[in-house]
Structure formats: structure tokens, C-alpha cells
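S.K.: Provided herewith is a single structure, encoded as C-alpha cells, for subsequent inquiry.
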Amino acid sequence: MNSKLLFPLIMLGVLLTTPAVYSQSGSIYKNQKTVTYKSNVKNPLTSDELAMITEVYGETTADNVLGNPIRLKNIKNILRNRVEILELPTDKNKKSIPLLSTVPLMDYYVDGLERDVVFNPETFNPLKYLFNFNSNGSELYKVDNSNYYIYIKSQHN
């Protein structure tokens with residue numbers, strides 16, 4: 001092929017593909033929302049929070065949570081701002097709400113992690129469960145055989 005024709009063809013190819021690359025990379029961020037944190041995530045962990053984290057992360061707590069500032073900030077946000085336990089009258093129309101018993105355990109780090117036999121709203125550890133904490137919306141779960149509901153607030157509120 002003639003070198004005089006090759007250069008313009010290459011340049012035309014580059015010019016035609018460049019806008020497509022930019023438009024695709026920009027679309028990745030279009031639907032993402034910013035997570036805003038309350039100022040209380042700057043406060044140190046309480047002993048109860050550290051106990052909840054250790055229950056789930058076990059021997060890997062130092063490496064996986066305490067040594068990872070972003071994960072620690074997200075966990076503090078979950079424990080302090082995003083999980084609410086509600087006690088509501090039973091409504092037979094709420095059958096579509098998933099039960100806590102259907103949510104898998106976060107047992108990746110601690111073998112033998114178990115569900116609580118009796119639900120106690122004061123000591124409930126939401127980190128034990130694989131709730132969809134990264135959802136764009138809020139989630140609601142019913143605690144089996146009770147009037148308690150676990151409300152997971154969106155991280156984008």
C-alpha cells in the first residue's frame with residue numbers, strides 16, 4: 001500500500017475512535033452517586049463496635065478493617081448511621097419483605113459464625129449478614145417470628 005495513503009487512513013481511524021473512548025469512559029460515572037458521611041464516622045470505634053467487627057472478621061480484623069481506613073469508615077457509617085431496628089405492628093400485607101433468616105451470613109473470615117438464637121435489637125450485629133449495603137436504595141428485612149424490622153438506609157442519603 002502506498003505510504004501517502006496509509007498515514008491519512010491511520011489518522012482517520014484514530015479520530016473516529018477517540019470520541020467513542022471518551023464517551024464510554026464518561027458513562028461509567030454517570031449513574032454513580034456520591035456517598036456522604038456524617039461527622040460521627042471520624043470518632044474512634046467504641047468497644048461494642050470493635051466487638052462486632054471482631055466477631056465477623058476474627059483474626060483478620062487488624063488487616064482487613066483496622067488497617068484499611070476506607071473499609072473502617074464504611075463500617076462505622078453502617079453501624080452508626082445506616083441500620084435502624086424498627087418495631088412495627090404485624091401487617092399481613094408485608095409478605096414480600098424478605099426474612100432475616102434468608103440473608104446469608106458473612107462467614108468468610110470466621111468459620112462457624114452463627115445466627116443469633118434470640119433477636120435482641122440492642123446487640124444485633126448487622127455486619128454478620130450479607131445485606132446489600134452498596135445498594136442505591138434502602139432495604140427492609142423482617143426478623144422472623146417477631147414485630148422487628150431491619151431498615152438498611154441507602155448510603156446515598
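The values are calculated or read from the model by the stated rules, or taken from the named source; none is laboratory data. Everything numeric in this text was worked out from a predicted model, so none of it was measured. Cβ placement follows ideal geometry from the backbone for every residue including glycine, while neighbour counts extend to all protein chains displayed.
S.K.: With the structure loaded, tell me whether THR123 is surrounded by 11 or more Cβ atoms within 10 Å (Cβ to Cβ), among the polar types (S, T, N, Q) and in a loop (DSSP other than H, G, I, E, B) or whether it fails that test.
M.R.: yes
S.K.: From the set of residues in the stretch 126-157 that are without any contact (Cβ under 8 Å) to a residue 40 or more places away in the chain and in a strand (DSSP E or B), which is surrounded by the most Cβ atoms within 10 Å (Cβ to Cβ)?
M.R.: TYR129
S.K.: Another one. Which residue out of VAL35, VAL21, VAL14, VAL41 is at pLDDT below 95, surrounded by 10 or more Cβ atoms within 10 Å (Cβ to Cβ) and out of contact with any Cys (no Cβ under 7 Å at 6 or more places or on another chain)?
M.R.: Exactly one of VAL35, VAL21, VAL14, VAL41 is at pLDDT below 95, surrounded by 10 or more Cβ atoms within 10 Å (Cβ to Cβ) and out of contact with any Cys (no Cβ under 7 Å at 6 or more places or on another chain), namely VAL35.
S.K.: Residues LEU130, LEU99: which one is touching a strand residue (DSSP E or B) at 6+ places or on another chain (Cβ under 8 Å), of a type in the set (A, V, I, L, M, F, W, C) and farther than 18 Å from ARG82 by Cβ?
M.R.: LEU99
S.K.: Going through the stretch 123-138 one residue at a time, which ones are modelled with pLDDT under 95 and under 21 Å from THR90 (Cα atoms)?
M.R.: Correct list: SER138 only.
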